Structures are given as C-alpha cells and as structure tokens.
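Values quoted throughout were computed directly from the atomic coordinates according to the rules given, and no laboratory measurement underlies them. Owing to the predicted nature of the structure, the values given are computational and were not obtained by experimental measurement. Neighbour counts are summed over all protein chains in view; Cβ atoms, including those assigned to glycine, are modelled from backbone coordinates with ideal geometry.
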Amino acid sequence: MQLLVNVDHVATLRNARGEGYPDPAEAAKVCEQSGASGIVFHLRKDRRHIKTEDVYRLKETVTGNLDFEMAATDEMLTISKDVNPELITLVPESREELTTEGGLDMKTVFEDFRDRVFPAYEDTNIAISLFVDPNEKDIELAAKLGSDAIELHTGTYANATTEADRNHELSRLKEGAELAHSLNMKVNAGHGLNLDNLAPLVETVPHLNDISIGHALVSSALFFGLDNTVKKFTAIMQNAE
Ligand code: PXP
C-alpha cells in the first residue's frame, strides 16, 4: 500500500492570485521527501488547476510513481503519451462539477475504450487504471478491457453520515477489491479520504495498492505542515499493514 498525493489543490491556491506560487512541483518534492510514493494530478479540459506546463515540470521533478488522472479525450491521450507517466487513471469529467463526481459508467464507455483508448497505449509502458464505483458490473467490464488496475471510488464511503452507511460502503469496497484482485487487476482507491476515515478503510479493504489523496491532505497541511501531514497519512497506512 502506498500514498500518492494529489497536488491539484496546490495549483488551485497558486491560480487564485496568478502568482507563481505555491508551486505543485515544489510541493510534490516535499511530499516525496516526506514518504509519499508518488504524485497524482488531474489535468482537466478547462485547466482549472493543473496547467499543461505543470505536467511537464511534475514529470521532471517526481522520482516515484506519477499518476496522470484524465478524461479520455484525444487531447489528453496525446499529452499523456508524450509525458509518459507510470500510470494514467481515466475518470469521467464534466465542466460543471466541483470535483470528480462518480466512477466511470463502464457500459457506456466500453466500446470507445476498447476501440480507441486502450489501443492508443498498446505501444507504451503506461499502465491504465479505471476509476469505478465498487460495483460488480463496472469492475468486470474493466477486467474485460484488460485494464491493469481499477481505482475504487471512495467518495460515497467518505460522505456516509451514519455508522450503518459507512459499514455498508466499506463492505462494498471490500467486495469490489476482492473481485478486482481475483480478476488480476491492481486495486487503487481514492476520493474524499482524510485523517479520520482512512484507517477504517485500509484496515477493512484488502489488496490496496495506490491510495490517492488530495483535498484533505492539502487542507491538513495548512495546520500541520506538508511534511508532517504526509507522515500522518503514511503512518495510518503502515499501521494497517
Ligand atoms: N482519485 C480520483 C480519481 C479523483 O478524481 C480525485 C479528486 O481529484 C482523487 C482521487 C482525490 O480526491 P480528494 O481530493 O478528495 O482526496
């Protein structure tokens, strides 16, 4: 299990003033020095946080795993192949959303991914992960495409307000992880994870590989510092192993 820090919100803060700081590549360096195994960024169509030039700077700076989160547009396919990260994570994206709202609807995207998207990466070493909700049908279709990994959407778990709902979501995530693992895919997870809800997740859900955390980590860093915050998150993950 390893922590990949999503640095989108460092870029959000930078863009709020139009100055050159804080720099997502500089933050990435601190995160890696503090124990993160890699960095995630989402280059959105509207470039609301990470800009194209940030992607190339991150590629130069990051020494661990680089996960390029993106919608499967032709533009993103071209940029990601040029950047050549270890991993791309394909997500649904709409202009109105504040953040990624749900997993991919695999039934809807299946043919396009099979005919256009997956073939585009055949001549590369880039691994593909699909961001999906923890349900059997989507996970099975991801495996049918030959995906290297799935990223389980943990947002519903993170937003659950009662103990019963939280436990229900944890069992769905556990079953989803077991299914994906049995279908030979790596299991990643992310969305809405924080210092309170991470421990129950990593203690319950098996086979977890990359855990991608952004908003809560960058927010906690305001109070604890980036270095300390990364250490707090990685300590929770290590305790569960
Ligand atoms: N994984 C995916 C696929 C995401 O879209 C996001 C949000 O950008 C995250 C993980 C990280 O979520 P959060 O910022 O809530 O930690």
In the range 1-33, anything more than 14 Å from the ligand (Cβ to nearest atom) and more than 19 Å from the chain's Cα centre (by Cα) is listed as 14, 15, 16, 17, 18, 19, 20, 21, 22, 23, 26, 33
The one condition residue 56 fails out of (1) within 13 Å of the ligand (Cβ to nearest atom); (2) within 22 Å of residue 78 (Cα to Cα) is (1)
The residue that is nearest to the ligand (Cβ to nearest atom), considering only those in the range 34-53 that are touching a residue at least 40 places away in the same chain (Cβ under 8 Å) and not in a loop (DSSP other than H, G, I, E, B), is 42
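Output the residue which, of all residues in the range 185-241 that are of a type in the set (Asp, Glu) and away from the ligand (no atom under 15 Å from the Cβ), is farthest from residue 66 (Cα to Cα). Break it down into steps so the answer makes sense when it comes.
Applying the first criterion (of a type in the set (Asp, Glu)) to the range 185-241 yields 196, 203, 210, 227, 241.
Restricting the remaining residues to those that are away from the ligand (no atom under 15 Å from the Cβ) gives 203, 227, 241.
Values: 203: 25, 227: 19, 241: 23 Å.
Out of the qualifying residues, it is 203.
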Selection over the range 102-131 where residues are within 26 Å of residue 172 (Cβ to Cβ), touching a residue at least 40 places away in the same chain (Cβ under 8 Å) and not in a helix (DSSP H, G or I) yields a count of 7
Item checked: Qualifying residue in the range 114-130 (condition: more than 15 Å from the chain's Cα centre (by Cα), within 21 Å of residue 6 (Cβ to Cβ), within 15 Å of the ligand (Cβ to nearest atom) and buried (at least 21 other Cβ atoms within 10 Å of the Cβ)) -> no
